[in-house]
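The block underneath contains the structure these notes are about, expressed in structure tokens.
What follows draws every value from the coordinates through simple rules; no lab data is involved. The structure presented is a predicted model; accordingly, all values stated were derived computationally and were not measured. All Cβ positions, glycine included, derive from the backbone under ideal geometry; neighbour counts span all protein chains shown.
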Ligand SMILES: [Cu+2]
């Protein structure tokens, strides 16, 4: 439905559509039944109310059907979640540090900057650490989000970019005065472009020691 810069987009969007579709069908079904009953059992028609004392069949149906529906939502959601947690041995690891109110990305070769550069088609592993309060790294176009927790805990986030381009990164955990401005970009480069960028001594967009790394 939307451009899919990672495979997680399709998974997350289809789970979302599945849940919305079930909810809309139930909403319409219940609303139509309610309106129908308002007319059918209108007092003016002189119906005598009757008490109903239990029905094993009905009770089984209204327990079984919602249970199966909710479990199926959980199943599809969990399948997508597993895909997102898939650690890959040849993943390209990047250290991410969050601080009020900026992001800092550090590569194995010492490159250190405030924009995330990644090669297309390669699994990426982000190791997320906070230098102060809780933050959350959110890439809406990739449908991924991971909390960055205070107190030295390292959280990980995996994705495999599949489309060259530039996408927003936001902080999704309220972290103080300038939280709403804690934006940066993830730039997905072709393999060759990434290799030459990675090897280059300095880059115009590079912020040497962005000033927030310990
Ligand atoms: Cu933040």
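Over all directions, the projected convex hull of the C-alpha atoms in the chain averages 18.3 nm² in area. The helix-only estimate of mean residue ellipticity at 222 nm for the chain, built from DSSP H runs of length n ≥ 4 each weighted as -39500 (n - 2.57), is -12000 deg cm²/dmol after division by the residue total. A crude spin-label estimate for the pair residue 20 and residue 93, with each label 7 Å from Cα along the Cβ direction, gives 3.9 nm. Simple spin-label estimate for residue 69 and residue 52 gives 1.7 nm between the two label positions (7 Å along the Cα-to-Cβ direction from each Cα). With Cα atoms defining each centre, the range 142-202 and the range 2-70 are spaced 40 Å apart in the structure. The calculated P(r) of the range 118-197, using every Cα pair and 5 Å bins from 0, goes 3, 15, 22, 24, 17, 11, 7, 1 in percent. Note on residue 134 and residue 39: the extension gain reaches 28.8 nm, defined as 0.36 nm multiplied by sequence separation minus the Cα-Cα distance. Take every Cα pair under 8 Å whose residues are at least 6 apart in sequence, average their separation, divide by the length of the chain, and the relative contact order is 22 percent.
The order of the peptides 192-201, 50-59 by mean Cβ neighbours within 10 Å, most packed first, is 192-201, 50-59. For the chain, the antiparallel share of DSSP beta bridges with both residues in that region comes to about 70%. Taking the longest Cα principal axis of the chain as reference, the axis of helix 7-40 is set at about 20 degrees.
Between 11, 33, 160, the GNM of the chain built on Cα springs shorter than 10 angstrom shows 33 fluctuating the most.
Between the helical axis of 56-84 and the dominant principal axis of the chain, each derived from Cα atoms, what acute angle in degrees is found, rounded to the nearest 10? With both axes taken from Cα atoms, the answer is about 10 degrees.
For the pair residue 163 and residue 13 in one chain, pulling the backbone fully straight at 0.36 nm per residue adds 52.3 nm over the alpha carbon distance. For the peptides 97-106, 79-88, residues were scored by their other Cβ atoms within 10 Å and the scores averaged per peptide; the highest-first order is 97-106, 79-88.
DSSP finds beta bridges in the range 92-199, and of those with both partners inside it, around 70 percent are antiparallel.
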